[in-house]
């Protein structure tokens with residue numbers, strides 16, 4: 001007994017993590033299909049000890065599955081998903097293609113699983129930076145109502161895929177040997193540098209990555225009044241996104257209550273013992289499911305605001321794991 | 001004609017940059033003394049084409065100078081500076097030792113040079129993170145009055161000295177060869193990582209680095225009502241600190257006015273053409289005098305707030321250059 005499941009974009013970082021998590025979490029599967037773009041056709045991906053042959057992603061092929069986990073990029077999602085959805089396959093899409101479509105639920109299972117009820121065979125997985133921010137903030141929002149979020153991100157290169165990891169490692173190695181290494185994946189050198197530019201620029205000089213954090217927060221929390229002020233920065237980190245967050249709430253609370261709420265919140269792990277040098281860091285979050293929260297403290301001038309530092313594996317909770325948690329909701 | 005000038009801590013990163021800037025800016029010098037801790041005694045430092053023999057830092061030795069530029073650490077400053085000041089030498093100290101002493105001016109020459117009038121032979125140079133933040137914000141503050149600052153820093157390892165640069169480079173190289181390299185300078189591995197912990201932890205789980213940004217802002221701007229909410233993070237960058245800043249002002253303004261004010265502000269260089277991928281980045285600020293400001297945009301939900309991205313060479317404007325600009329004020 002089990003479900004026919006397709007992973008679309010199976011050779012990418014997120015696709016491979018999806019296969020790993022499907023296996024780890026023992027999702028009941030009767031048939032597993034792996035799809036990718038034409039250039040990976042005929043290669044193999046791993047699923048536990050099995051090897052799965054990669055097929056070229058086509059609407060007919062993918063429609064064999066009952067559930068298709070998409071992480072193959074916005075363009076292919078836009079091209080294939082509507083047709084496949086019409087044939088009855090339920091798609092959980094990790095791209096930006098359908099996130100703001102009013103007919104498409106945008107879901108973080110810890111926060112708004114009830115939105116899954118009204119899907120029309122396409123469900124969107126939020127952006128990685130939004131997911132970890134809201135997993136940490138929503139438990140507090142439910143108690144004291146969020147008014148305003150100031151967020152500065154410290155994003156790892158893995159958010160841009162395998163080539164981006166290669167570019168960081170290769171260019172860092174070249175830098176150390178005093179060799180030149182012109183950037184291809186990033187707009188500027190990333191080795192020992194910071195680039196305040198992720199995705200394209202939209203109006204008013206916000207990047208699309210920044211606007212995703214605003215729009216997705218409003219949609220997921222069903223509250224367009226929350227003021228979100230984001231700045232997104234690429235850092236020379238391999239995996240794991242970090243965020244400095246200052247959040248202001250409507251109601252009064254104590255710091256003890258914040259710790260209590262976060263310590264009991266689903267998907268959250270508090271790591272906050274400064275005297276023992278314990279706080280979240282990206283190198284220790286790889287392969288972990290949780291959103292790690294530390295450096296939790298009251299704003300010095302506003303008793304209804306807190307500062308915190310939030311770190312999570314962007315490939316896992318920020319992408320593959322969240323999608324599979326959505327799948328688990330759908331099949332339970 | 002010229003002045004007798006001592007650089008105390010002459011073998012360190014900041015001391016060497018001080019020597020370089022003294023030479024570049026043609027400060028009139030009749031005698032130049034280089035002091036350092038006992039372990040560097042008898043070595044030489046460069047000043048233009050000359051070599052200066054390093055003497056062990058003692059009160060009597062340093063008191064030969066009319067002006068002493070200190071960058072030798074808080075403990076030695078505390079031990080030597082008061083005695084040397086009594087002997088008539090004017091000290092410009094780069095450490096945290098005297099910054100909050102009400103008898104000691106804390107000065108950024110672009111902002112509060114008038115505070116130099118009342119010195120009692122000790123003048124403090126502010127912390128690097130404070131300097132670049134305030135050089136960028138003060139011109140706006142003078143026009144529209146600052147109410148609140150959220151700041152998230154992305155600090156380079158050079159703020160912790162030469163050993164820290166060595167540790168970043170060596171541990172990064174070890175990481176790429178899959179070798180172990182336990183941290184010595186930093187509390188955790190810094191290669192491809194982020195550490196939300198700079199200086200020691202104080203009360204309420206703010207670090208001393210964060211509290212410096214609060215207290216120094218109040219002292220330099222003579223306004224303890226400005227709400228400063230800082231989070232300081234060490235990044236795997238060699239040189240140049242970066243900051244995400246969201247600043248709220250009391251009065252109304254247009255974005256055009258912000259650009260105009262910043263473009264004409266002393267010590268500021270606006271780099272903000274997103275469509276051409278132009279914005280400040282740490283790898284391009286080394287050896288530059290300016291505080292670079294980019295990604296300037298209105299807060300999406302508060303017309304009296306702006307977001308911006310501020311980058312500067314922490315060893316130069318954040319330390320050595322600022323001290324020498326103070327010296328220039330004193331001798332002009």
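The values are calculated or read from the model by the stated rules, or taken from the named source; none is laboratory data. Please read these numbers as outputs of a predicted model, since none were measured by experiment. Counting neighbours? That spans all protein chains shown, and the Cβs are built from the backbone with ideal geometry, glycine included.
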For this session: State yes or no: is residue A:173 in the same structural domain as residue A:135 (by TED's automatic domain parsing) and either surrounded by 15 or more Cβ atoms within 10 Å (Cβ to Cβ) or over 30 Å from residue A:138 (Cβ atoms) (or both)?
Result: yes
For this session: Answer yes or no: is there a residue in segment A:310-328 that is over 28 Å from residue A:27 (Cβ atoms) and modelled with pLDDT of 95 or more.
Result: no
Problem set entry | Pairs where the first residue, in segment B:198-213, is over 16 Å from residue B:149 (Cα atoms) and the second is modelled with pLDDT under 95 and outside any helix (DSSP H, G or I), C-beta under 7 Å, 6+ apart | B:208/B:202
Seminar exercise, completed: Of the residues in segment B:223-271, those that are closer than 15 Å to residue B:295 by Cβ, within 8 Å of chain A (Cβ to nearest Cβ) and surrounded by fewer than 22 Cβ atoms within 10 Å (Cβ to Cβ) number 0
For this session: Of all residues in segment A:187-227, count the ones that are on the phi > 0 side of the Ramachandran plot and in contact with a helix residue (DSSP H, G or I) (Cβ under 7 Å, 6 or more places away or on another chain).
Result: 3
Exercise. Which one of these does residue A:283 not meet: (1) facing another protein chain (nearest Cβ under 10 Å); (2) under 22 Å from the mean Cα position of the chain (by Cα); (3) within 30 Å of residue B:148 (Cβ to Cβ)?
Worked result: (3)
Exercise. In this structure, is residue A:73 modelled with pLDDT of 95 or more and either outside the structural domain of residue A:209 (by TED's automatic domain parsing) or more than 20 Å from the chain's Cα centre (by Cα) (or both)?
Worked result: no
For this session: Would you be able to say whether some residue in segment B:288-300 is surrounded by fewer than 18 Cβ atoms within 10 Å (Cβ to Cβ), more than 10 Å from every other protein chain (Cβ to nearest Cβ) and under 22 Å from residue B:112 (Cβ atoms)?
Result: yes
Problem set entry | Conditions (1) in contact (Cβ under 8 Å) with a residue 12 or more places away in the chain; (2) assigned by TED's automatic domain parsing to the domain that holds residue B:267; number of the one not met by residue B:142 | (1)
Exercise. Listed residues A:116, A:134; which is assigned to a helix (DSSP H, G or I), touching a helix residue (DSSP H, G or I) at 6+ places or on another chain (Cβ under 7 Å) and closer than 19 Å to residue A:215 by Cβ?
Worked result: A:134
Exercise. Looking only at segment A:271-297, which residues are within 19 Å of residue A:322 (Cα to Cα) and in contact with a strand residue (DSSP E or B) (Cβ under 7 Å, 6 or more places away or on another chain)?
Worked result: A:282, A:285, A:290, A:291, A:292, A:293
For this session: Evaluate segment A:222-237: report whether one residue or more is in a helix (DSSP H, G or I), within 17 Å of residue B:299 (Cβ to Cβ) and more than 18 Å from the chain's Cα centre (by Cα).
Result: no
Exercise. Within segment B:156-207, which residues are within 7 Å of chain A (Cβ to nearest Cβ), over 17 Å from residue B:242 (Cβ atoms), in a loop (DSSP other than H, G, I, E, B) and touching a strand residue (DSSP E or B) at 6+ places or on another chain (Cβ under 8 Å)?
Worked result: B:187, B:188, B:197, B:206
